[in-house]
Amino acid sequence: MKRSISFLLSLATLAAAPLAAEAAEEGRFDAQTFRPSAAPRDLVMIQKSEVVGHLSPTFGIYTDIGLDPLAVAAITTGQEIRAVGARLQVTGLAGIGFFDVFDITMAMPFVAWQMSDNLRPLGTEGEIAPNALGDLRFNTKIAIPYLNRKAQIKEGFGMALTGNLNLPTGDQNAFAGDGAVSGGMGLVADYRFNFGLLVTANGGVWFRPDRQFAGTKVGDMANFGIGAEMYVVQRWGWSVLGGVYGSVSMVKFPDSPSQVPAEALMAMRWQWASGFGLTVGGTFGANCGFGAPVFRAFAGLTWQPSKSREQQEIDRLKQVDSEDPDHDGLIGDADHCPELPGVPQNMGCPDSDSDKDGVPDRDDKCPMLAGGRGGCPGAYVKDDEIVILDQVHFATDKDIILDDSKKVLDAVVTVLMDNPEIRSVEIEGHTDVRAGDVYNHNLSQRRVESVRAYMIQKGIDPSRVTAKGYGHSKPIYDDSQCIQKDEELSEDCKFMTAKNRRVVFRIKGQGHAPGKAVGGGDTILSPGGTLDGEGVINGSGVLNGGSTLPNEGLLPKGSGVLDKKDPTLPSSTLPRSGEQLQPEAPKEEGADKPADGKDKPADKPADGKDKPKPGAAPTTQKPGAAPAPTTQKPGAAPAAPKPGAAPAPAAPKPGAAPAPAKPAAPR
C-alpha cells in the first residue's frame, strides 16, 4: 500500500514539472512600449487631436532598434540579466478617416531580430527567439464636437478621445506579446499657433493582464505624453518634433519620479506634395524600468494619395499666410476667391445656396427650387414634364390611390396652381409586363382617371388635365422575363418592374390663361393685355381704373356683343371698373332742339346706322344726363334719323338763339 502511494506521488511530481515550467513561460509579457501612430500628422508616439482626412487611406512603415529594452535582476544572485538586450522591430501601419471626425488605424509589429543573455539564472535555459510576431493593434481617434479644429486647422484648440484594442497574435515567450486581449483609452488636448507651432498633451490607461517575471510585475499602466512640433521651413513641410512619453505601472507605483520609465524623443520630419512623409529621430530612456531602453533610433515612412483629403490638410499646414490669405488651403490659380475661404470642390469659393434650402448649389439638382431630397421639391417642372421624386402608388390591381402618394399629387397640384401658363397636362399611366395587354391598358386608364379626379377635386380646372393609360406599350426597361409573382422576382426584376409601373405628368400645352369676355360677350381680351396704351385689362376682364377704350366707347345695348358685320365700338365710353352700363335717360319734348329753333343736321348716314367719326375722342356721359350734342363737319349732308326716333340736337351757332327743329323727311 505504501509503495502504491509512493508511486502515485512520483507520477504527480513528474506531471507537475512541465506545468511549473509552462507557468514560468506564461509570466512573460510584451516588452515593447514604442508603438508609433499610423496617423501621418501625429508626433510618432504622441498624438494630436487632428484626425485622418475623410476617406483618405494612409499607409506607413516604422523601424526602430532599441538597446536594453528589458533588463531584470536574478532573484537568487542579484545579477542583472538582459532578458532583451537589443531589438530591431518593423511595424506596418494603415488607416483611414471618416467625415473629418474620427479615424481607424492598425499596426502589425514584427520583431526582425533580437538578442538576450542566457536566461538560466531566471529558470529558463537559453536565449529568447531571435524573431517573432507582435500583437496586432487597432486604434481609433474621435474628435470632440465643438473642439474639432478641422475648420481652422492652422490655429486653435482641439481635443479628441482615443481608444485601442490589442489582439494576442504575438509570441509571449519572445517578449513580443501579452498572451491575452488588452486595450485602453485616452484623451488628447492640443493647441496650434498660426506661426507653425503645435503643443500637445496625452493621457490614458492601458489595461493589461497581470504578469510577473523575475520580480518584475506588469499589469494595468497609465500612459502619458507631452510633445511639440515646430516648422523650420513651412513651405517645404520641414519640421522638428520633440517630447517625452512613458507608461507607469498601476500595479506597483514608482517610489520616486526618477523611477518613472520614460523616453525623451527628438525627430525631424519632411512632408512632400506627392503624399510621402519621412520622420527620422531617436529616444533616450530613463533605464529605470522595462520598456525604456538606454537608446532607441527610429525611422518612419508614410504615404497617402496626393489628391486625398489628408494631403490637402498637410498642404494647408505647409502654406504661409501670405500665400493663402483666406486660409482655405488653395493658392494661386487654384483659388478663384483668394480673399474668401472656400472649399476645393468650389474652386476655393464659398458655397452658394440660391434657393436657401440648405443644399449647396454644386450638390443641388434643383438650385433655383427649394426642396429636400437632392435639393429638389416633391414635384417640379423640367422640360416637358412635371417631375415627381416619388412614384404614385396604388392598391394592388386596383385604381385606389394609397394615402402615402397623395402628398405626391398635392405637390403636382401646387405646381399647376403656381404655373397657370401650363394649359394642358396629360397624365400618363404605365404598367409592368405582368398580365395581358387589354388588362394592363384598362388598369392604367382607370388609375390615371383616379389621379385626374383627385387633382380636379383639389381645384385644378378639368380642361387642363387629361388622362391616358398606355399599359405596357412604353416600358423604360425590358422586363419581358419578369413574369413571376412579387415574392419570386429577382432583385433586377424588382427594380425593372418598379420603374416601368409609373405615372407621368406630360406637359402638352403652355400659354396665357384665356381671359373673360368684356361685357359678357364673345369678344375676349386677354388678361394683362393693353389697348393702344389706354389701359390694362385686369384678371376679371374689366379695364383698370375705368380707363377708356381707344377712339370709341360703349358696347351696344342688349347682348353686349359687337356686331360681326361692323365690330366697331360706338362713340361713347366704358364706365369705371365695377360700374354697370346705365340706360339712357328719356328725352323730353323739345329737349333736342337748339335755342335758335333751327334744326342741325344729325350726324347719321342715310342708312340710319351710326357712323363714328375717325379719330374722335370718346366722351363720358353721367347716368341720367341729357345726351351730349354732336358735331358735324362743314358741308356734310345731314343724316336722316331712324323712323320714330327723335332727331339728335344740333350744336347752336355762337350767339344765336335756339331755333325750333325741323322734322326730317321720312325714308
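Since every read-out is calculated from the coordinates, none of them should be taken as a lab result. Note that the structure is predicted; figures quoted are calculated from it, not measured. Backbone-built Cβ (ideal geometry, glycine too); neighbour counts: all protein chains shown.
Using Cβ point charges alone (K and R +1, D and E -1), the dipole size of region 135-272 about the Cα centre works out to roughly 460 debye. Multiplying the residue separation of Thr396 and Ser354 by 0.36 nm and removing their Cα-Cα distance gives an extension gain of 11.0 nm. For Leu136, what is the net charge nearby, where nearby means another residue's Cβ is under 14 Å from its Cβ and Lys, Arg count +1, Asp, Glu -1? Within the 14 Å Cβ shell, the charges total -2. Once backbone amide H atoms are built at 1.01 Å from N, Gly225 has Asn202 as its partners under 5 Å, excluding neighbours fewer than 5 places away on the same chain. Would you grab the residues whose amide H sits under 5 Å from the one on Gly85? Only those 5+ places off in sequence or on another chain, please, with H modelled 1.01 Å from N. Residues meeting the amide H criterion: Met115, Ser116, Asp117. Packing-based ranking of 453-459, 419-425, 101-107 yields 101-107, 419-425, 453-459, ordered from highest to lowest mean Cβ neighbour count within 10 Å. Across region 145-199, Cα pairs under 8 Å and at least six residues apart give a relative contact order of 37 percent.
How high is the relative contact order of region 342-464, in percent, with contacts defined as C-alpha pairs under 8 Å that are six or more residues apart? Before the final figure, lay out the partial values.
Values: 140 pairs, mean separation 19.6, N = 123.
That works out to 16 percent.
Around the amide H of Arg208, modelled in the peptide plane, lie the amide H atoms of Asp220, Met221, all under 5 Å away and 5 or more residues distant in sequence or on another chain.
Note on Met185/Val233: beta-carbon distance plugged into 1/(1 + (r/R0)^6) with R0 of 41 Å gives a FRET efficiency of 0.65. First select every other residue whose beta carbon is under 14 angstrom from the beta carbon of Ala71; then total the charges, Lys and Arg +1, Asp and Glu -1. Here the count lands on -1. Our coupling estimate for region 153-164, obtained by passing each phi through the Karplus curve with A = 6.51, B = -1.76, C = 1.60 and θ = phi - 60°, is 5, 8, 6, x, 8, x, 9, 8, 9, 10, x, 8 Hz, Gly and Pro reported as x. Phi angles across region 44-50 convert, under the Karplus curve 6.51 cos²θ - 1.76 cosθ + 1.60 with θ = phi - 60°, into 3J(HN,Hα) values of 6, 9, 10, 8, 9, 7, 6 Hz, Gly and Pro given as x.
On a full-extension model of 0.36 nm per residue, what is the gain between Ala334 and Trp272, subtracting their alpha-carbon distance, rounded to one decimal in nm?
On the way: separation 62, 0.36 × 62 = 22.32 nm, distance 1.84 nm.
Working it through step by step, the gained length comes to 20.5 nm.
3J(HN,Hα) along region 333-342: 5, 6, 9, 7, 10, x, 9, 10, x, x Hz, from the Karplus curve 6.51 cos²θ - 1.76 cosθ + 1.60 with θ = phi - 60°, whole Hz, x for Gly and Pro. Placing a label point 7 Å from the Cα of Val90 along the Cα-to-Cβ line, the residues of region 163-181 whose backbone N sits under 20 Å from it are 169-171, 174-177.
Using the Cβ atoms and a cut-off under 14 Å, what net charge is assigned to the surroundings of Lys474, where Lys and Arg are +1 and Asp and Glu are -1? Display every interim value, and only then the final one.
Working: positive: Lys468, Lys499, Arg501, Arg502, Arg506; negative: Glu385, Glu426, Glu428, Asp432, Asp437, Asp478, Asp479.
Local net charge: -2.
Taking the Cα centre of region 416-465 as reference, the dipole from Cβ charges on Lys and Arg (+1) and Asp and Glu (-1) amounts to some 180 debye.
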